[in-house]
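We did not get these values from a lab; they are worked out from the coordinates using the rules stated. Note that the structure is a prediction, hence the values are computed from the model and not measured. Reconstructed Cβ throughout: ideal geometry from the backbone, glycine too, with neighbour counts over all protein chains shown.
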Amino acid sequence: MNKKIVIVGASSAIAEQCARLWLPEASFLFLIARDGEKLQAIKSDLAIRNPKVNIISYVLDFLNAEEVSKVVASICTQGVIDIVLIAQAMMPAQIDCQNDLTLIEKLININITSVIWFSELFLQHMENNNHGNLAIISSTAGDRGRRKNYIYGASKAMLNCYTAGLRHRFYNSKIKISLIKPGPTISPMTAHLNQKRFAKAEQVAHNIVAGIKKDKAIIYTPFKWKFIMFVIKIMPQFILNRLNI
Amino acid sequence: MDIISSWDRITRAPHNTYAIYWQNHLHEYLNATKLPLIPYGAGKSYGDVCLNPHGSLWKMTNLNRFLEFNESTGVLRCEAGVLLKDINNYLIPQGWKLPVVPGTQYVTVGGAIANDIHGKNHHCKGSFGHYVKAIKLLRTDGEILSLNRADPFFAATIGGLGLTGIIISADLQLEPTDSQWFNNEIIPFSNIEEFTQLSNTNEYEYTVAWLDCAKSRGLFMRANFIKNYTKPQSKKNKINIPGVFPISLVNHNFIRVYNSLYFGRKKNTKETAFYEDFFFPLDNIINWNKLYGRKGFFQYQCVIPYNTAVAAIKEILKVIARQQMATLAVIKSFGYKASVGMLSFPMPGITLAVDFNNQGTKTLELFNTLDKIVCASGGRLYAAKDTRMSAAVFAAGYEKLHDFLQYRDPGISSSFSKRVMGI
């Protein structure tokens, strides 16, 4: 197969699984991450799974606008990009966010600023070619503010609004925008929580890859979260107040 | 605390679990863990070698990357959490396969090494440990050891039940392959002597026999890869047992009917089988262990040396027929290749693996009787399938246990090691 696929935040658990699933249909996989050691391990792994795919990795500071621009430009010179998945995030414990202002700044920079930077830069390329799927990983936490995780949730809520704007902007084009809302997923990011009923990253990745293939606008994964969050969203506040969620 | 069990679902106990993702964070994981711990792969061993109830457990399945592959020599370096299934899926199309695989491909490389697993070709190819060239081992004091075959630690770690340290990665020697299809012939036999005659061959690389314990008859399967052969593989949907039944569905009536139908349908057949269907038939039923219900099930696997095997196995089958019906039994002859590990299970002889419903004391008493026969015959039991053997039975079967203990990591412990080694 011959797709050119970009994964930003490629060392995240979900992104790593997406990369594995995309191997059969990719000719190029561009992997972008902050941690060089982790990215190298992922790159070596993917190369052995499918030696026919060109795997190119980039390690950079996601909060350096110049570096981000250079990397995106470099990737876009290598041909028309088919899929961009933006996956980076951080999720500190809610209580730590409440007490540490610098943590809030870091969270906003990674979860919002860097996501929008990559998104807007890749969209310039996609717009020029009138082609491509852009997918952003948000979270069910962004659907409604709840006491257990509202600072992280707020950052994801911003991405929800941002992606809705993108959908409006590109509605009359061949560029497809997907907003991915995973429910709680087993990963290093959620290791500090009780992961007993969390979804596996492999399952979430499977749904993401399938959803992007179908150009789905909003992908809840696992699917049950679509119904759960519908109920949470319409719930009167006085009932939500009583819930420990 | 998470409830963790092994494949027999007999012991289901709370554990403090830690998921391991990255090699460059190993010391952080160690610092966060209250020792002792036990490493845990895919949980396909049957007993309690992988359990540490109320203690710490490292889930290794996310440490599952391929690291290096030499396309000329076929040496694959991979992390311990890689499933054998993934090695097959990705490397067979590239012309390389694992020389030894067990009855399921949903086991990790770490688990395969720790239990020195064997397969249908042991009589030709030996066990998994024969194809491990190097191991990277993390000790709980933080030291990382790079072991090769010359190190005594290596022999302690192969078949070492995870007790020498946490296996982080391994170098495996794969072998070339140009086919994914088998010619499989199924021949009936009516007693153990006939089985041994059929087994006495090197013409077939893969042999195993299904046994109807009640009637001491069975079906002998012998197969070879078909060279340079390919055909479209029909897609099989896997059956996923959705939940645990309150009682076992694998009861006496079912077994009697199934055994008769299976024997009648399969005897004297020749078929061309895809490697997954030949090696791993039960992998088509995901979570088949749940069919045994809430109580779980036992497996009793022993090996008896050739000079005493026929008599001992006949006696074992008589006792089983008298005391408790078996649900599934498999019998195979092991080869003469000396095992690598100090605690490796295979030795020249006949191995018998029998599944039983968990009938509590009745089943345990049966096993105590079988232990006497096995020990008197110079045989031993397989730790990977065991949840109840005594320290005395284990020591009787594994003469290198005393040597092994000096390589043990004091920060690692399992239910099995506590029961059988007192540590």
Exercise. Taking the convex hull of the alpha carbon atoms in chain B, what volume per residue do you get, in Å³?
Worked result: 136 Å³
Problem set entry | Kyte-Doolittle at least 0.0, axis length at least 24 Å by Cα - qualifying DSSP helices, chain B | B:306-323
Problem set entry | Only Lys, Arg (+1) and Asp, Glu (-1) charged, at Cβ; chain A dipole about Cα centre in debye | 1140 debye
Seminar exercise, completed: Of all C-alpha pairs within chain A, those more than 23 angstrom apart amount in percent to 48 percent
Exercise. Which far-off residues, 5 or more places away or on another chain, put their amide H under 5 Å from the one on residue A:220, with H placed in the peptide plane?
Worked result: A:181
Exercise. Remind me, relative contact order of chain A in percent, using alpha carbon pairs under 8 angstrom and six or more residues apart?
Worked result: 18 percent
Exercise. Cα-based Rg of segment B:1-155 per 2.2 N^0.38 Å, rounded to two decimals?
Worked result: 1.06
Problem set entry | P(r) tail fraction, segment A:58-120 - alpha-carbon pairs more than 20 Å apart, % | 36 percent
Problem set entry | Additional length obtainable on full extension of the chain from residue A:173 to residue A:116, 0.36 nm per residue less Cα span | 18.5 nm
For this session: Return the average number of partner chain Cβ atoms within 10 angstrom of each residue Cβ along peptide A:41-50.
Result: 5
Exercise. Expressed as a whole number of Å, what is the distance separating the alpha-carbon centroids of segment B:359-378 and segment A:9-24?
Worked result: 49 Å
Problem set entry | At R0 = 30 Å, FRET efficiency that the Cβ-Cβ distance of residue B:230 and residue A:213 yields, to 0.05 | 0.60
Seminar exercise, completed: Quick calc, segment B:260-409, dipole around Cα centre from Cβ unit charges on Lys, Arg (+) and Asp, Glu (-), nearest 20 debye, gives 480 debye
For this session: Figure the gain on full extension for residue B:150 and residue B:284 (residue separation times 0.36 nm, minus the Cα-Cα span) and round it to one decimal in nm.
Result: 44.3 nm
Exercise. What are the aspartates and glutamates whose alpha-carbon lies under 20 Å from the alpha-carbon of residue B:290, with same-chain residues fewer than 8 places away excluded?
Worked result: B:2, B:8, B:48, B:355, B:386
Exercise. What Kirkwood radius, in Å to one decimal, follows from the Cα pairs of segment B:77-145?
Worked result: 12.9 Å
Seminar exercise, completed: Computed for the protein assembly as shown: size of charge dipole around the Cα centre, +1 on C-beta of each Lys and Arg, -1 on C-beta of each Asp and Glu, debye to nearest 20, value 2280 debye
Problem set entry | Solvent-free Debye scattering, log10 I(q)/I(0), computed from the Cα coordinates of segment B:143-204 at q = 0.27 Å⁻¹ | -1.22
For this session: Quote the Stokes-Einstein diffusion coefficient, in whole µm² s⁻¹, for segment B:247-306, based on the Kirkwood radius over alpha carbon pairs, a temperature of 20 °C and a viscosity of 1.002 mPa s.
Result: 148 µm²/s
Problem set entry | Built amide H within the under 5 Å cut-off of residue A:55, gap 5+ | A:29
For this session: Please state, rounded to one decimal and in Å, the Kirkwood hydrodynamic radius that the protein assembly as shown gives when every pair of distinct Cα atoms enters the mean of 1/r.
Result: 27.1 Å
Seminar exercise, completed: Where a ≥ b ≥ c are root eigenvalues of the Cα gyration tensor, a/c under 1.5 meaning rounded, otherwise prolate if a/b exceeds b/c and oblate otherwise, segment B:188-277 counts as oblate
Exercise. Can you pull the mean other chain C-beta count within 10 Å for peptide A:184-192?
Worked result: 2
Exercise. In segment A:211-245, which chymotrypsin sites (Phe, Trp or Tyr not before Pro) fall in coil by DSSP and have 14 or fewer other Cβ atoms within 10 Å?
Worked result: A:223
For this session: Name the residues whose placed amide hydrogens come within less than 5 Å of the amide hydrogen of residue B:206, ignoring near sequence neighbours (fewer than 5 apart) on the same chain.
Result: B:223
Problem set entry | For segment A:160-245, convex hull volume per residue from C-alpha positions, Å³ | 126 Å³
Problem set entry | Table column - 3J(HN,Hα) (Hz), segment B:390-401, Karplus curve with 6.51, -1.76, 1.60, x for Gly and Pro | 8, 4, 5, 5, 5, 4, 5, x, 10, 5, 8, 4
Exercise. Once label points are set 7 Å from the Cα along Cα→Cβ at both residue B:368 and residue B:175, what is their separation, rounded to one decimal in nm?
Worked result: 4.4 nm
For this session: For segment B:22-77 and segment A:170-245, compute the distance between their C-alpha centroids and round to whole Å.
Result: 29 Å
For this session: Using only the Cα atoms of segment B:339-423, build the gyration tensor, take square roots of its eigenvalues as a ≥ b ≥ c, and label the shape rounded, prolate or oblate: rounded if a/c is under 1.5, else prolate if a/b is larger than b/c, else oblate.
Result: oblate
Exercise. Any idea what log10 I(q)/I(0) is at q = 0.10, 0.16, 0.22 Å⁻¹ for segment A:9-114, Debye with uniform C-alpha scatterers and no solvent?
Worked result: -0.32, -0.76, -1.23
For this session: Starting from the Cα of residue B:215, step 7 Å along the direction of its Cβ; do the same at residue B:191; then give the gap between the two resulting points in nm.
Result: 1.7 nm
For this session: Between residue A:238 and residue B:337, with labels modelled 7 Å along Cα→Cβ, what's the label distance in nm to one decimal, could you check?
Result: 7.5 nm
Seminar exercise, completed: Plugging the Cβ-Cβ distance of residue B:28 and residue B:253 into 1/(1 + (r/R0)^6) at R0 = 56 Å yields, to the nearest 0.05, a FRET efficiency of 0.55
For this session: List every DSSP H helix in chain A whose Cα atoms extend 15 Å or more along the helix's own long axis and whose mean Kyte-Doolittle hydropathy is at least 0.5.
Result: A:65-76, A:224-234
Exercise. Expressed in nm to one decimal, what extension gain is obtained for the pair residue A:2 and residue A:78 from 0.36 nm per residue of sequence separation less their Cα-Cα distance?
Worked result: 26.1 nm
Exercise. Hey, with R₀ at 56 Å, roughly what FRET efficiency would residue A:64 and residue B:271 work out to, going by the Cβ-Cβ distance, to 0.05?
Worked result: 0.35
